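These notes concern the structure reproduced below.
The values are calculated or read from the model by the stated rules, or taken from the named source; none is laboratory data. Remember, it's a predicted structure, so these values are computed and weren't measured experimentally. Every residue, glycine among them, receives a Cβ derived from its backbone with ideal geometry; neighbour counts consider all protein chains shown.
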């Protein structure tokens, strides 16, 4: 029996992130003052997305504070929007967060936001070259009470046992880009805050977690046109191409 077809209406979580590999690596200790100035200027320009800075000897993380789109004065949820990793900067934005927050009002292809942050970061550490850029889309589709193991195998029972988890990766490559797709069947969890202060976590069914990562195949100093090419390629795969890929496993 085929599963229901995936669509954007099944989404429970949606995040878009941009990762950059730099050379030489950006050492936090050597660039602390410059990075702090980067944060302060980012907070002046984008206070929602540069809400709070957490920094220590080995950490530089900026968090944004997001509300449900169109709701004034509603609850905020903090979300890490910028992290300096050993490979380079990682900028992420939540399109849709779990309830009760929901849609945040962030555009699902926020290339312009990333390019502005990238430009500000480049001015803060001008000697660094961008060698690889990747656009990463993280999605969670609700599948109800039935897991979607038919994406991985035609049989959900083997060895006199029932399949309870599944994960697989696909890697495609064209003349310029790597296209990575990672699929995981997961439990969809809901947390409820009780009046006595305790938090209860319940399973609401199954979901399919999807990570789509598109990056340049050749590692080299990137021009602005190179970066734009990768981002345009990545945007062109959502939603139609990725949904078509997922739904191939659901055909009768």
Conditions first: (1) touching a helix residue (DSSP H, G or I) at 6+ places or on another chain (Cβ under 8 Å); (2) touching a residue at least 24 places away in the same chain (Cβ under 8 Å); (3) not assigned by TED's automatic domain parsing to the domain that holds residue 48. Residue 114 passes all but one, so which condition is the exception? (3)
Boolean, residue 160 is assigned by TED's automatic domain parsing to the domain that holds residue 236, at pLDDT 90 or above and either under 18 Å from the mean Cα position of the chain (by Cα) or on the phi > 0 side of the Ramachandran plot (or both): no
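Please determine whether any residue of region 87-104 is assigned to a loop (DSSP other than H, G, I, E, B), at pLDDT 90 or above, within 28 Å of residue 244 (Cβ to Cβ) and in contact with a strand residue (DSSP E or B) (Cβ under 8 Å, 6 or more places away or on another chain). Before the answer, list the steps.
Step one: of region 87-104, the residues assigned to a loop (DSSP other than H, G, I, E, B) are 87-88, 98-101, 104.
Those left that are additionally at pLDDT 90 or above: 87-88, 104.
Pick out the ones that are also within 28 Å of residue 244 (Cβ to Cβ) and you get 104.
Now narrow it down to the ones that are in contact with a strand residue (DSSP E or B) (Cβ under 8 Å, 6 or more places away or on another chain): 104.
Yes, region 87-104 has at least one match.
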Which condition breaks for residue 19 when tested against (1) without any contact (Cβ under 8 Å) to a residue 60 or more places away in the chain; (2) in a strand (DSSP E or B); (3) crowded, with 19+ Cβ neighbours inside 10 Å? (1)
Of (1) touching a helix residue (DSSP H, G or I) at 6+ places or on another chain (Cβ under 8 Å); (2) part of a loop (DSSP other than H, G, I, E, B); (3) in contact (Cβ under 8 Å) with a residue 24 or more places away in the chain, residue 107 fails just (3)
Filter region 53-73 for residues that are under 20 Å from residue 101 (Cα atoms), in contact (Cβ under 8 Å) with a residue 24 or more places away in the chain and out of contact with any strand residue (DSSP E or B) (no Cβ under 9 Å at 6 or more places or on another chain) and give the result. none
Examine region 164-178 for a residue that is in the same structural domain as residue 236 (by TED's automatic domain parsing), modelled with pLDDT under 90, loosely packed, with under 10 Cβ neighbours inside 10 Å and more than 20 Å from the chain's Cα centre (by Cα), and state whether such a residue exists. no
Do any residues in region 225-252 that are closer than 20 Å to residue 167 by Cα have Cβ atoms under 7 Å from those of residues that are at pLDDT below 95 and in a helix (DSSP H, G or I), where the two are at least six apart or on different chains, and which pairs are they? 249/150; 249/151; 250/150
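Output the residue which, of all residues in region 44-81 that are part of a strand (DSSP E or B) and over 18 Å from the mean Cα position of the chain (by Cα), is farthest from residue 128 (Cα to Cα). Working first, answer last.
Kept after step one, since they are part of a strand (DSSP E or B), are these residues of region 44-81: 52-56, 59-66, 77-81.
If we keep only those that are over 18 Å from the mean Cα position of the chain (by Cα) as well, we get 52-56, 59-60.
Working: 52: 25, 53: 22, 54: 23, 55: 21, 56: 22, 59: 19, 60: 17 Å.
Across region 44-81, the extreme among qualifying residues is 52.
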For region 130-189, give me the residue count where each residue is over 30 Å from residue 25 (Cα atoms), without any contact (Cβ under 8 Å) to a residue 12 or more places away in the chain and either in contact with a strand residue (DSSP E or B) (Cβ under 7 Å, 6 or more places away or on another chain) or in a strand (DSSP E or B) (or both). 5
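Is it the case that some residue within region 31-43 is part of a loop (DSSP other than H, G, I, E, B), surrounded by 17 or more Cβ atoms within 10 Å (Cβ to Cβ), in contact (Cβ under 8 Å) with a residue 60 or more places away in the chain and not assigned by TED's automatic domain parsing to the domain that holds residue 209? Steps first, please.
Going residue by residue through region 31-43, those that are part of a loop (DSSP other than H, G, I, E, B) are none.
No; the residues of region 31-43 include none that is part of a loop (DSSP other than H, G, I, E, B), surrounded by 17 or more Cβ atoms within 10 Å (Cβ to Cβ), in contact (Cβ under 8 Å) with a residue 60 or more places away in the chain and not assigned by TED's automatic domain parsing to the domain that holds residue 209.
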Members of region 217-240 found to be within 28 Å of residue 6 (Cα to Cα) and not in a helix (DSSP H, G or I), listed by number: 236, 237, 238, 239
